[in-house]
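What follows draws every value from the coordinates through simple rules; no lab data is involved. Note that the coordinates shown come from a computational prediction; the quantities given were computed from them, not determined experimentally. Using ideal geometry, Cβ is built from the backbone for each residue, glycine included, and neighbour counts are taken over all protein chains shown.
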Ligand code: SF4
């Protein structure tokens with residue numbers, strides 16, 4: 001069975017494996033980029049440009065959501081200073097999945113998936129639980145895969161380099177910059 005899937009794309013490099021796999025399986029797949037967790041705006045623009053570039057390479061549509069960092073701050077209020085991988089990230093995943101679910105419903109999609117599970121740094125149990133719950137609330141099929149399995153992450157690194165896509169050095173929010181000491 002094939003579906004009209006909206007693929008939540010956390011960044012272009014991470015989508016270079018999941019997106020082609022879902023297309024090869026016969027699904028009709030558009031991308032969706034949530035952006036409001038990303039700091040600063042110039043970083044958001046750089047990542048958004050490459051999501052659009054990847055969609056163009058794959059000849060698929062993509063939606064880039066409006067950049068509303070204050071709204072994201074409201075979604076993580078109360079857990080903002082928790083360590084990376086903890087409640088702040090769970091709340092951030094929920095904000096991203098809710099943005100994607102709203103876009104999926106308004107675009108007439110049947111199902112939602114995410115590229116987040118390709119990262120070796122993300123808790124796939126939390127991603128799956130949040131995605132499943134959000135999809136239930138919006139009447140969508142949750143199309144979850146652990147993309148990092150079977151060398152998926154290494155392949156995404158290779159493909160994104162071949163495609164000349166920008167690979168960021170921190171997850172996205174201002175706190176993840178400070179933790180990595182990259183800016
Ligand atoms: S580290 Fe990444 S997943 Fe966690 S809150 Fe920041 S942007 Fe979101």
Proxy exposure order for 22, 73, 175 (fewest C-beta within 10 Å first) is 73, 175, 22
Residue order, fewest to most beta carbons within 10 Å, for 163, 97:
163, 97
For residue 149 and residue 24, calculate 0.36 nm times their separation in residues minus their Cα-Cα distance, and state this gained length in nm to one decimal.
43.2 nm
Distance between modelled label sites at residue 157 and residue 71, nm, 7 Å Cα→Cβ extension
3.5
With the label point 7 Å along the Cα-to-beta-carbon line of residue 166 and a cut-off under 17 Å to each amide N, the hits in region 1-22 are 9-16
Cα-projected label distance for residue 4 with residue 102, points at 7 Å along beta-carbon direction, nm:
2.1
Can you figure out the FRET efficiency of residue 81 with residue 121, using R₀ = 22 Å and their beta-carbon distance, to the nearest 0.05?
0.70
Considering just Cα atoms, how many Å³ per residue does the convex hull of region 4-180 enclose?
106
Sort 72, 142 by Cβ crowding within 10 Å, fewest neighbours at the top.
142, 72
